[in-house]
């Protein structure tokens with residue numbers, strides 16, 4: 001019985017069902033906090049803890065999902081390609097905005113995390129926290145960070161962006177939809193973009209493009225930076 | 001459309017990304033290299049969008065589930081990071097604001113510069 005319920009297929013099924021429930025709840029509530037990843041994490045985490053199932057056992061099935069992380073990231077090229085005309089039209093603002101945003105993100109994380117006295121391994125895990133999860137997790141693991149922390153930090157960042165950024169940007173007088181869109185996408189990736197899409201078509205398109213561009217720029221900055229500094 | 005063939009194309013690009021990543025000493029992660037490669041192949045029309053987009057859309061639409069195993073890793077390290085949890089949240093929230101404002105300000109001034117240059121061209 002125990003073996004049947006803890007087979008790789010069982011954990012695969014559990015993950016997909018928990019995630020599907022998260023998607024359903026997200027559709028119903030329309031709230032960024034009801035994020036399918038958070039919901040599924042809580043459900044699966046709860047079951048693993050209650051039934052004292054070690055994470056290794058879960059990963060016999062979960063590993064199959066993990067395997068598709070790389071192809072999922074590569075798929076990000078398709079939306080950039082679809083928006084290529086918009087990218088060309090606003091090339092300078094997108095590149096400059098995503099570049100400055102990425103630099104500010106990395107530097108401010110470095111300074112604040114050290115100020116708060118966080119462990120070096122946690123600091124490394126937080127450095128790529130503004131970019132989309134597939135790129136951030138890959139960068140964190142190449143830096144020797146803890147990918148679970150990176151995933152959590154990226155999630156908190158996305159929620160913060162979706163909930164607060166439209167108001168904050170307005171408060172500081174940034175009204176242009178191009179500026180708002182690029183800013184939200186660069187600072188809070190896909191979760192923020194889901195909110196930017198509600199602000200307007202231009203905001204959504206700009207934010208969506210900024211996810212990929214800021215991800216690429218951050219990858220290059222962190223890779224080059226760590227080659228020089230570490 | 002054939003999902004399996006599209007998946008095959010994307011997986012082949014993954015492998016090429018891995019190979020390039022190893023060749024350049026791991027300077028960039030394989031998935032980022034694969035993404036650049038696919039974008040280049042699409043832009044040069046060596047691969048047509050319809051040859052990969054259905055499989056790609058499947059990944060994009062369900063992107064978050066692929067992070068479930070990674071995120072559950074928190075169960076194993078929670079005891080280790082418990083004391084630093086609040087600080088981690090604070091860092092994430094504050095830096096998100098700083099990043100967004102710096103980005104918005106940059107785009108804002110570039111748009112002003114661009115519209116000024118356009119006005120100048122009109123006057124000449």
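Derivation of every value follows stated rules applied to the coordinates shown; laboratory data play no part. Just so you know, these numbers come straight off a predicted model, no measurement behind them. As a convention, Cβ positions derive from the backbone with ideal geometry for all residues, glycine included, and neighbour counts pool all protein chains shown.
Here are some notes:
- Some residue of the stretch A:51-73 being under 30 Å from residue B:110 (Cβ atoms) and within 8 Å of chain B (Cβ to nearest Cβ): yes
- Residues of the stretch A:190-203 that are in a helix (DSSP H, G or I) and more than 20 Å from residue A:73 (Cα to Cα): A:195, A:196, A:197, A:198, A:199, A:201, A:202, A:203.
- One residue stands out among those in the stretch B:32-73 that are crowded, with 19+ Cβ neighbours inside 10 Å and over 23 Å from residue B:18 (Cβ atoms): the one that is farthest from the other protein chains (Cβ to nearest Cβ), which is B:72.
- Only a single criterion out of (1) surrounded by fewer than 20 Cβ atoms within 10 Å (Cβ to Cβ); (2) facing chain B (nearest Cβ under 8 Å) is not satisfied by residue A:142, namely (1).
So that you can scan it fast, the table gives a plain yes or no per residue for (1) farther than 29 Å from residue B:7 by Cα; (2) in contact (Cβ under 8 Å) with a residue 12 or more places away in the chain:
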{"residue": "A:30", "(1), (2)": "yes, no"}
{"residue": "A:40", "(1), (2)": "no, yes"}
{"residue": "A:44", "(1), (2)": "no, yes"}
{"residue": "A:48", "(1), (2)": "yes, no"}
{"residue": "A:52", "(1), (2)": "yes, no"}
{"residue": "A:57", "(1), (2)": "no, yes"}
{"residue": "A:62", "(1), (2)": "no, yes"}
{"residue": "A:65", "(1), (2)": "no, yes"}
{"residue": "A:68", "(1), (2)": "no, no"}
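- Residue in the stretch B:1-9 that is more than 23 Å from residue A:140 (Cβ to Cβ), facing chain A (nearest Cβ under 8 Å) and touching a helix residue (DSSP H, G or I) at 6+ places or on another chain (Cβ under 9 Å) present: yes
A quick yes/no check of all residues on (1) in a helix (DSSP H, G or I); (2) within 17 Å of residue B:98 (Cα to Cα); (3) under 17 Å from the mean Cα position of the chain (by Cα):
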position: A:110; (1), (2), (3): yes, yes, no
position: A:130; (1), (2), (3): no, yes, yes
position: A:136; (1), (2), (3): yes, no, yes
position: A:141; (1), (2), (3): yes, no, yes
position: A:162; (1), (2), (3): yes, yes, yes
position: A:188; (1), (2), (3): yes, yes, yes
position: A:205; (1), (2), (3): yes, no, no
position: A:208; (1), (2), (3): yes, no, yes
position: A:216; (1), (2), (3): yes, no, yes
